[in-house]
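The values are calculated or read from the model by the stated rules, or taken from the named source; none is laboratory data. It should be emphasised that the depicted structure is a prediction, and the values quoted were computed from it without experimental measurement. For neighbour counting, all protein chains shown are included, and Cβ atoms are generated from backbone atoms with ideal geometry for every residue, glycine included. Heavy atoms of the whole protein, side chains included, go into the accessibility calculation; ligands, DNA and RNA do not. Shrake-Rupley method; radii C 1.70, N 1.55, O 1.52, S 1.80 Å.
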Amino acid sequence: MEEEVRHDYNRKPGSEIQGSYRLTKAEAARLATLLESLDIKPTNDNIKKVVRWLITQFEKVDPADIQRLFLSEYPRHHAAIIALEKAGIQIANERRGIGKIKARGALQLDLLRKASEFAVVEEEMRRGECDMQKVQHKMCSVLYYAALEFLYDRDEGVFNDIVSRYAERADLTDEEALAAAVAKWTQRAATPGSWRQTDPETSYREECQAMEIAIQRVRQKTST
């Protein structure tokens, strides 16, 4: 009979299992306060003892609590980011035959380039040379590359700031801007790469139409 292998998760430093969970200062402070309320000295050893005990209580954990824990850590615009990532992977697969997005450095350069192009189009609108829809169309490219770049650095604050700043400049809410970006890039991912070069006017018009439908859908949802 094969002997059951047991793992000692209450290990001491230097055991075969390397690495350990480190409390943040805020977490340690809260745990120390809890111990003091129970008349237990909040020494480092006592805090470690409680942490070791907590991480062995798997059988007492409600799976729904774990699911909520991870859902709470998702970015505010998680659904839009995932949709843009899906479009990015599809485009990469069809255009370059590689089912993954570009390296982080390449995405950062693309993001800077699109931000520069956005500023040019924004200035054209101020001079009356184009309409707001063209600004929104270019904004969608900024948000697309920002979302893909987010997948590397996971800095939600930076991404949310980019969304808010460019949405405002395109006269949209954050939700409207992201819905438009998802619609534009989903539309683009569904068309051959050569089509935009052979018929740029039609491709632009169809992307704008998809954007407008998405924006109106968000507005109808928020007004009800």
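Observations on the structure shown:
- Within the stretch 48-74, considering residues that are open to solvent by 100 Å² or more (accessible area, probe 1.4 Å) and acidic (Asp, Glu), the one modelled with the highest pLDDT: Glu59
- Some residue of the stretch 187-202 being under 19 Å from Lys134 (Cβ atoms), crowded, with 17+ Cβ neighbours inside 10 Å and free of Cβ contacts under 8 Å to residues at least 60 places away in the same chain: yes
- All positions within the stretch 144-184 that are of a type in the set (Asp, Glu) and at pLDDT 95 or above: Glu168, Asp171, Asp174, Glu175, Glu176
- Only one of the numbered conditions (1) under 18 Å from Glu85 (Cβ atoms); (2) surrounded by 14 or more Cβ atoms within 10 Å (Cβ to Cβ) is not met by Ala167, and that is (1).
- For the stretch 160-207, a tally of residues being under 24 Å from the mean Cα position of the chain (by Cα) and assigned to a helix (DSSP H, G or I) returns 27.
- Only one of Lys221, Lys184 that is among the basic types (Lys, Arg) and open to solvent by less than 70 Å² (accessible area, probe 1.4 Å): Lys184
- Residue satisfying condition, being within 26 Å of Ile213 (Cβ to Cβ) and among the basic types (Lys, Arg), within set Arg113, Arg126, Arg95: Arg95
- Out of Ile213, Ile162, sole residue that is β-branched (Val, Ile, Thr) and either open to solvent by 30 Å² or more (accessible area, probe 1.4 Å) or without any contact (Cβ under 8 Å) to a residue 12 or more places away in the chain (or both): Ile213
- Remark: pairs (first residue in the stretch 79-96, within 18 Å of Asp174 (Cβ to Cβ); second residue in a helix (DSSP H, G or I) and open to solvent by 80 Å² or more (accessible area, probe 1.4 Å); Cβ separation under 9 Å; 6+ apart in sequence or on different chains) = Ala80/Glu175.
- Residue within the stretch 102-121 that is open to solvent by less than 80 Å² (accessible area, probe 1.4 Å), more than 15 Å from Ile162 (Cα to Cα), basic (Lys, Arg) and not in a helix (DSSP H, G or I) present: yes
- Within the stretch 99-119, residues that are over 13 Å from Ala147 (Cα atoms) have Cβ atoms under 6 Å from residues that are open to solvent by 40 Å² or more (accessible area, probe 1.4 Å) and hydrophobic (A, V, I, L, M, F, W, C) in these pairs: Gly99/Ile89, counting only partners at least 6 apart in sequence or on another chain.
- Filtered by the rule that a residue be open to solvent by less than 60 Å² (accessible area, probe 1.4 Å) and touching a residue at least 12 places away in the same chain (Cβ under 8 Å), the stretch 122-139 gives Glu122, Met132, Val135, Gln136, His137, Lys138, Met139.
- Considering only residues in the stretch 16-47 that are surrounded by fewer than 11 Cβ atoms within 10 Å (Cβ to Cβ) and among the small types (Gly, Ala, Ser), the one that is modelled with the lowest pLDDT turns out to be Gly19.
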